[in-house]
Amino acid sequence: MELVETNELEKSLTFLASWKYREIEIGSGNGHFLAEYGVRNNTCCLLGIELKQKRCLKIRDKINKKQLANIRVFQGMAELLLERLPPSSIDAFHLYYPDPWPKTKQRKRRLLKLSSLERFYIALKENGRIYFTSDIFDYYIQVKLLAILHGGFQFGDCGLPGEAIHSLYAARTLSMGKAAYSLVLVKNATGNLTMRVEAAT
């Protein structure tokens, strides 16, 4: 499997376009969730996004070992890909333990903010989902409040995929005695138009 570099973004978009069902994991780490989830969901294409090359190589090795034709990895910034996704094209986004940027002055660097939530909303199909979990309670509350402000999502009660709950990072978090806070956001057909316009501008 070829690694998709930042300057070859079109390859990722072409890969996604060639499948009926499409899901994206942002911050795939070493690819444990991506590989395990891909085995169980082999009729869906999965695109992992990871910034660090060493991690991308580990993901590639897992994909090749399991001979998974439905997974690719994009090495680069998630924002670059989000800007190019066609409207109503993605079935789900997975964000597990994203960089927390815990200091107050760092929070503006978090991936999930109102403007990015609007990008997710546009890219998702109707009833598409965002699966989110973090061991930082403040980040969890922030995402929950942003979803309410945005108005284009409702809170789902389906829970996270089993592969996310039993991932290596999740197991490490529990072994340290830390709690994990999870949300499933489901795209509404309507939503708060005023807040959505503000998020997009």
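Assorted remarks:
- Too-long pairs where the Cα-Cα distance tops 22 Å, listed order kept, from Lys66/Lys125; Lys144/Lys187; Lys11/Lys54; Lys52/Lys178: Lys66/Lys125; Lys52/Lys178
- Gaussian network model of the chain, Cα within-10 Å springs - most flexible of Lys144, Lys11, Lys108: Lys108
- Among the GluC sites (Glu not before Pro) in segment 1-50, those located in a DSSP loop and surrounded by at most 10 other Cβ atoms within 10 Å of their own Cβ are Glu2.
- Evaluated with a Cβ-only charge set (Lys, Arg +1; Asp, Glu -1), segment 60-100 carries a dipole of roughly 360 debye about its Cα centre, given to the nearest 20.
- Taking the fewest neighbouring Cβ atoms within 10 Å as the starting point, the ordered list for His32, His94 is His32, His94.
- Placed amide H near Ile90: partners under 5 Å, 5+ positions off or other chain: Leu124, Lys125
- When the chain is treated as a GNM with alpha-carbon contacts under 10 Å, the residue of Ser88, Ser28, Ser18 showing the greatest mean-square fluctuation is Ser18.
- Cβ-based net charge around Gln154, under 13 Å, with every Lys or Arg adding one and every Asp or Glu removing one: +1
- Based on DSSP H segments of at least four residues, each scored -39500 (n - 2.57), the chain has a per-residue ellipticity at 222 nm of -11500 deg cm²/dmol.
- Positive-end residue, the chain charge dipole about Cα centroid, Cβ charges, pick of Ser182, Ser89, Val39: Ser182
- Here the relative contact order of segment 6-200, from alpha carbon pairs under 8 Å that lie six or more residues apart, stands at 20 percent.
- What you get for the chain, charging only the Cβ of Lys and Arg (+1) and of Asp and Glu (-1), is a dipole of about 420 debye around the Cα centre.
- Among the listed options (i) 11.1; (ii) 14.1; (iii) 17.8, the one matching mean projected area of the Cα convex hull in nm² as calculated from these coordinates is (i).
Read-outs: derived from the displayed coordinates by stated rules, not from any lab. If you're wondering where the values come from, they're calculated on a predicted model, not measured in any experiment. No Cβ is skipped: glycine too gets one built from the backbone with ideal geometry, and neighbour counts run over all protein chains shown.
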